[in-house]
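Asker: I'd like to ask you about the structure that follows.
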Amino acid sequence: MSRVHFRKENVTVHAREGVNLRALCNEYGIDPYPMLGGALSCRGKGMCGTCAVTVDVEGDDAALSPPDAREISFLKRVPEALRADMRLACRCEVIGDVTITTDPDRREGWKKHGHYAGRPVRSWEK
């Protein structure tokens, strides 16, 4: 049995080896989607990316199954700085102890925007 901790929900569950992470979330009532993502999701086919989570591995790196071709295709569209820890819950299986953050922040470098850097921002400027 593996231990899966959901950081935002502060819930730890035990999972049998090989269980799908999205199915595990559904089983324990944990919503891996942003606001309307569950209603707009692809239902586990790995095409929409709404079930993206970030992963903190405790100990061994092999806490989740390796990404398949469809998940790799999705992750290529994610900014490189976020890509290393991001996985699709519908495409990975739990095989070890892991900490998961559901609905992670996907906005890379938002603090670089002029508004936050103290510069005036004009909508007509690029």
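Asker: Where residues in region 49-67 are over 11 Å from the mean Cα position of the chain (by Cα) and modelled with pLDDT under 85, which of them is surrounded by the fewest Cβ atoms within 10 Å (Cβ to Cβ)?
Answerer: So the residue we want is 61.
Table: residues versus (1) free of Cβ contacts under 8 Å to residues at least 12 places away in the same chain; (2) surrounded by fewer than 16 Cβ atoms within 10 Å (Cβ to Cβ); (3) of a type in the set (A, V, I, L, M, F, W, C).
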{"site": "13", "(1), (2), (3)": "no, no, yes"}
{"site": "21", "(1), (2), (3)": "no, no, yes"}
{"site": "26", "(1), (2), (3)": "yes, yes, no"}
{"site": "29", "(1), (2), (3)": "yes, yes, no"}
{"site": "32", "(1), (2), (3)": "no, no, no"}
{"site": "44", "(1), (2), (3)": "no, no, no"}
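Asker: Looking at region 1-11, which of its residues are more than 13 Å from residue 95 (Cα to Cα) and in contact (Cβ under 8 Å) with a residue 24 or more places away in the chain?
Answerer: 5, 6, 7, 8, 9
Asker: Among the residues of region 75-98, which ones are under 12 Å from the mean Cα position of the chain (by Cα) and within 22 Å of residue 26 (Cα to Cα)?
Answerer: 85, 86, 87, 88, 89, 90, 91, 92
Asker: Starting from region 68-91, take each residue that is without any contact (Cβ under 8 Å) to a residue 24 or more places away in the chain and list its partners that are surrounded by 12 or more Cβ atoms within 10 Å (Cβ to Cβ) and assigned to a loop (DSSP other than H, G, I, E, B), counting only C-beta distances under 6 angstrom and pairs at least six apart or across chains.
Answerer: none
Asker: A further question on this structure: What are the residues in region 15-48 that are over 17 Å from residue 101 (Cβ atoms), in contact with a Ser or Thr (Cβ under 7 Å, 6 or more places away or on another chain), at pLDDT 90 or above and not acidic (Asp, Glu), if any?
Answerer: The answer is none; no residue qualifies.
Asker: Would you confirm whether any residue within region 69-77 is at pLDDT 90 or above and under 21 Å from residue 6 (Cβ atoms)?
Answerer: For region 69-77, residues at pLDDT 90 or above and under 21 Å from residue 6 (Cβ atoms): present.
The values are calculated or read from the model by the stated rules, or taken from the named source; none is laboratory data. Keep in mind that what you see is a predicted model, and the values were worked out from it rather than measured. All Cβ positions, glycine included, derive from the backbone under ideal geometry; neighbour counts span all protein chains shown.
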